[in-house]
1. With both partners inside the chain, how many of the DSSP beta bridges are antiparallel, as a percent to the nearest 5?
2. Compare the peptides 98-110, 52-64 by average per-residue count of other Cβ atoms within 10 angstrom and give them in order, highest first.
3. Would you mind checking the pairs Lys115/Lys271; Lys229/Lys288; Lys115/Lys412; Lys39/Lys283; Lys47/Lys176 and listing those with alpha carbons more than 32 angstrom apart?
4. Would you mind calculating the gained length between Arg251 and Arg7 on full extension (0.36 nm times residue separation, minus the Cα-Cα distance), in nm to one decimal?
5. Residue separation times 0.36 nm, minus the C-alpha to C-alpha distance between Lys326 and Met398: what's the value?
6. Which of the peptides 2-10, 293-301, 196-204 is most tightly packed, and how do the rest follow, judged by the mean count of other Cβ atoms within 10 Å per residue?
7. Using a simple charge model, +1 on the beta-carbon of Lys and Arg, -1 on the beta-carbon of Asp and Glu, nothing else, what dipole does the chain show about its Cα centre, in debye to the nearest 20?
8. Obtain the nm distance between the two label points defined at Met181 and Ser46 by a simple spin-label model: each point lies 7 Å from its Cα along the Cα-to-C-beta direction.
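Bear in mind these aren't lab numbers, they're just calculated from the coordinates by the rules spelled out. Everything quoted here is computed from the prediction, not taken from an experiment. With ideal geometry, Cβ positions are generated from the backbone for all residues, glycine too; neighbour counts draw on all protein chains shown.
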Amino acid sequence: MTLQEGRYQIGGADALEIVERFGAPVYVYDAATMKRQYKRMTSAFSKVKRLRINFACKALTNLNVLRVFRELGSGLDTVSIQEVEMGLLAGFEPHDILFTPNCVSLDEISQAVAKGVRINIDNIEILEQFGDRHPEVPVCIRINPHIMAGGNSKISVGHIDSKFGISIHQVPHVLKVVEAMNLKIEGLHMHTGSDIYDAQVFLRAVEILLSAAADFPDLDYLDFGSGFKVPYKEGGIATDIEDLGEQLGDRFNEFCGEYGRDLELMFEPGKFLVSEAGYFLVKTNVVKTTTASVFAGVDSGLNHLIRPMFYEAYHHITNLSNPGGKTRIYNVVGYICETDTFGINRQLSEVREGDILAMANAGAYSFMMASNYNSRFRPAEVMVIDGEAHLIRRRETMEDLLGTQVDLNVLKESVPA
Ligand SMILES: *Cc1c(COP(=O)(O)O)cnc(C)c1O
């Protein structure tokens with residue numbers, strides 16, 4: 001977001017005009033930022049011969065966003081059969097979609113096989129059942145390297161007691177199953193969790209996966225997952241992707257030399273690609289001064305952006321309507337009838353009723369976690385492409401809220417007495 005002649009711009013489009021056109025609250029995504037982040041990633045790993053980025057689409061699954069990534073040459077990482085179907089609808093080739101579910105039924109995995117996408121399995125029991133049912137289909141195995149990463153326990157998935165992946169200590173068992181059932185293992189995968197602060201921690205997990213890879217002779221790819229952190233504040237910590245690319249690239253190439261074949265190196269970032277592209281714009285309903293604080297109460301809540309309450313995530317907040325105004329301290333809160341805080345003690349230029357506030361880093365896990373709690377409509381989504389704002393999801397209506405409800409009274413009336 002930039003400030004030009006007293007007006008905030010998102011991707012070159014005037015932010016307040018977007019609210020005038022499409023209403024508030026509204027999610028706004030800048031396609032140029034997604035492209036910039038994708039290219040940062042590919043150039044960071046440019047020394048790797050075969051590189052594939054699979055956008056972890058659970059972060060932001062709007063079809064138009066998926067198409068932005070398809071056009072960049074990205075693949076998709078999916079965690080449900082519905083995401084697989086969205087990817088196919090967005091025009092991805094089945095082969096460019098990896099299905100990485102956890103605790104889903106074998107039937108759902110079979111549905112993904114029927115769609116022709118790549119399969120990642122994270123459970124030895126399921127691997128055996130899979131081998132029985134689909135003896136010809138090559139698979140990838142998700143290994144848990146037991147490296148502790150993740151900024152918050154809810155997003156840390158690689159530790160010893162995590163439900164994700166097959167423990168690195170169970171690889172000998174996996175190898176027995178593979179041999180007994182004559183399975184073709186085409187890939188190994190790890191995903192240690194979100195928010196890696198330290199490249200060295202990531203590289204330790206990589207070493208563990210590489211040592212396992214040496215035991216699998218038919219590999220075509222190694223997927224090192226994601227967890228790349230983006231800054232949430234000015235000067236905030238972030239994964240140094242360029243440094244990681246430098247070090248991991250060398251190590252990967254060295255490994256391919258030992259392995260005797262150029263494997264494909266895969267990553268599956270979500271947050272890194274879309275977090276910074278998104279802003280959530282809300283309107284101030286009330287300014288309320290209590291004995292202790294000044295609250296700015298906005299026309300949204302944890303039903304639309306749950307990350308602050310769920311992960312204690314920080315979203316930088318800016319008052320778009322009063323640039324250059326006198327700075328005051330606010331608690332920015334939502335309208336949901338329980339503790340519903342977007343930000344505490346935030347310095348904002350003076351907030352008045354009707355002012356539009358923007359929350360940054362709202363591209364990943366933001367709209368996607370929105371709900372209808374309190375019977376509120378979910379917000380609209382807008383994407384800015386080349387300075388033009390386009391509606392990519394309309395705001396919901398009462399019909400959307402009621403669409404799946406079955407009204408027993410109506411049924412009763414329609415049954416003749
Ligand atoms: C969620 C998820 C990702 C993406 O994580 P980010 O922190 O958003 O980059 C990647 N891989 C798998 C298997 C996931 O479940």
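1. Within the chain, antiparallel bridges account for around 50 percent of the total.
2. Numbers: 98-110: 17.9, 52-64: 22.7.
Output ranking for 98-110, 52-64: 52-64, 98-110.
3. Details: Lys115/Lys271 26 Å; Lys229/Lys288 35 Å; Lys115/Lys412 42 Å; Lys39/Lys283 34 Å; Lys47/Lys176 35 Å.
Where the Cα-Cα span goes over 32 Å, the pairs concerned are Lys229/Lys288; Lys115/Lys412; Lys39/Lys283; Lys47/Lys176.
4. Values: separation 244, 0.36 × 244 = 87.84 nm, distance 4.68 nm.
Difference between extended and current length: 83.2 nm.
5. Working: separation 72, 0.36 × 72 = 25.92 nm, distance 3.98 nm.
That works out to 21.9 nm of additional length.
6. Details: 2-10: 13.8, 293-301: 21.0, 196-204: 16.7.
Packing order, densest peptide first, comes out as 293-301, 196-204, 2-10.
7. Details: 40 positive and 55 negative charges, 198 e Å.
Rounded to the nearest 20 debye, it is 960 debye.
8. 4.3 nm
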